[in-house]
Structures are given as structure tokens and as C-alpha cells.
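Take a look at the structure set out below.
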Amino acid sequence: MTYPIGEAPPPNLRQPLRVELFFLTHSETGEPLANTAALAVALAGAIIVDHLLRPLWRQGNDRQLQPHDRLRLFGTQVIVVNPDVSADPVADWAVTALGGARVRSVSERQRSMPLREAIRVLAVDAYKRTTAGLYAGDLAREVTRRGLNRGRRYPPTDPGNIARTRGRLCSVLTGYTHPDPQTDALGGLIQALSLTSELYLDRPDLRDLLGYMTARVQEHDPAVHQILTATDDLIAETAVAVYG
């Protein structure tokens, strides 16, 4: 997010939705808890939701800081309305990937893309970009494995981030904490990935409670709910493609 020197927008001490989702979908050793293709789709959806819930803050004509959208959802189209660079490189990458030029001309039209296609486009590199951002922000370590299980894993530098994120979600889920759009969206994505067991809540009504969270998103922010629904559908399609 950008803002004039010496001024700051209202504080948002939480990590973006994509970061909270990554914490809850990986173990303390960095092992993914779901199929990585499905995780990539979920992260792509989360990145788009982040643009709606965490807009840029810039000085308006009245010299007061005001939120400015970078992406908007019109019908089923994702439109890039502000390609300006922010302090979030993952968000900047997403805007560019969805057609936002770094330099705009007066005659340049707003770029648009169908929502499902936008999620698919971002899903190609969403996992790689998210982990790179976590590593750059010192939220995760990079561990390279060799042998049969070779590859890279990104365990959190502070394992407590997983517990804190889970605790906030469970507190909202069970009604102990006032709900907010980001936590409700996180609950929807966890349900879409079928990772309810990772919440460690022994409740027969758990899926119903997650359904209530998703319903609240529909009530308070239909655009975010639309993104979650499209993401859920694409996760299901990915599961069919992987497992048959």
C-alpha cells in the first residue's frame, strides 16, 4: 500500500489473507496439507480477495487519505482499475498478470478478464509468488530437501503464526470473537480445501458453522463471496483432475 511520506492509513496489523491461508494449509515443517494444485487455486482466489479487502490508501483531493481499489469485480469480470505499484510485490505481480500495465496512457482502456480465468491465470504462479513473499518478509524459511523427497519447503520462522491464525479463525467460528470479512473468507477457503480437521475442533456442526461464515460474506460483501464460490468450484475441478 502506498501513502504520502509522514502519513499512514488506518493500521491493519494482520497479514494478508493469502499469508493466513498459507499458514493454515501447511505444517510447522512446511509440508503442504492439501494437494499443491488445489492450494495454488486457493491462494490465487485469496490474492484477488486481498485486493478487495486491502485497497491502496492515497491522498484524495481533500488531502485526506482514502482507499483506492486496484481490482474491481463487475458481473463476472475482474477489471484492473489501478496498476500503480504498491508496497506489496505479490499484489503488484497479480495486477500485472491480470493485464495491468505499469505505465498507463490516456487512451488505454481498463483491462478485464473473466473471474474464473483470472483465478486460473494467477494459480499458475500463486504458490511460488506467495512463498517468495513469505521468505522475503522473513515469515518463512526456505528448506531444500534432497533425495526422493527433494524440493523446497517453507516452514514459518515463528510456528506460533499457525496457532494464532487458527485461534482467530476458531474464535470467530465459535462466536467468541466478532466476525470480520477476512476471517470469514479464510473459513470459506479452508472448507473448500476440505481441511476442517486442521482446525482441531471436535464439533459435529463444524461444516455448518463454516457455512454460516460463508453466508456472512455473501451478506456483507457479495463480490468477495463470488470470488470464493468461483475458487471453490475450481478447487473441486482440480481435485477431479488429480484424483479422477
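The values are calculated or read from the model by the stated rules, or taken from the named source; none is laboratory data. Bear in mind the structure is a predicted one, so any value in this text is a computation, not a measurement. Heads up, the Cβs are rebuilt from the backbone with ideal geometry, glycines too, and the neighbour counts pull from every protein chain shown. Accessible surface areas use protein heavy atoms only, side chains included; no ligands, DNA or RNA. Shrake-Rupley method; radii C 1.70, N 1.55, O 1.52, S 1.80 Å.
Key figures
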read-out: Every pair of residues 6+ apart whose Cβ atoms lie under 7 Å, when the first sits in the range 12-32 and is free of Cβ contacts under 8 Å to residues at least 40 places away in the same chain while the second is open to solvent by 30 Å² or more (accessible area, probe 1.4 Å) and of a type in the set (Lys, Arg); value: none
read-out: Residue in the range 189-200 that is among the aliphatic types (A, V, I, L, M) and in a loop (DSSP other than H, G, I, E, B) present; value: yes
read-out: Residue among ILE79, ILE5, ILE47 that is crowded, with 17+ Cβ neighbours inside 10 Å and modelled with pLDDT under 95; value: ILE79
read-out: Subset of the range 204-244 [over 19 Å from THR183 (Cα atoms) and either in a loop (DSSP other than H, G, I, E, B) or of a type in the set (Ser, Thr, Tyr) (or both)]; value: PRO204, THR238, TYR243, GLY244
read-out: Some residue of the range 163-171 being open to solvent by 60 Å² or more (accessible area, probe 1.4 Å) and assigned to a loop (DSSP other than H, G, I, E, B); value: no
read-out: Cross-chain or 6+ apart pairs with Cβ under 6 Å, the range 126-141 first and within 17 Å of ALA94 (Cα to Cα) and at pLDDT 95 or above, then small (Gly, Ala, Ser) and open to solvent by less than 60 Å² (accessible area, probe 1.4 Å); value: ALA126/ALA40; ALA126/ALA44; TYR127/ALA40; LEU134/ALA140
read-out: Answer residue from the range 204-229, given it is touching a residue at least 24 places away in the same chain (Cβ under 8 Å) and either in contact with a Gly (Cβ under 7 Å, 6 or more places away or on another chain) or among the charged types (D, E, K, R) (or both) and is most open to solvent (accessible area, probe 1.4 Å) among those; value: ARG216
read-out: Pairs where the first residue, in the range 155-178, is touching a residue at least 24 places away in the same chain (Cβ under 8 Å) and under 16 Å from SER27 (Cβ atoms) and the second is open to solvent by 40 Å² or more (accessible area, probe 1.4 Å) and in a helix (DSSP H, G or I), C-beta under 9 Å, 6+ apart; value: ARG166/GLU198
read-out: From the options GLY99, GLY60, residue that is at pLDDT 65 or above, open to solvent by less than 40 Å² (accessible area, probe 1.4 Å) and more than 22 Å from ASP184 (Cβ to Cβ); value: GLY99
read-out: Yes/no for ALA87 being closer than 25 Å to THR157 by Cβ, part of a loop (DSSP other than H, G, I, E, B) and at pLDDT below 85; value: yes
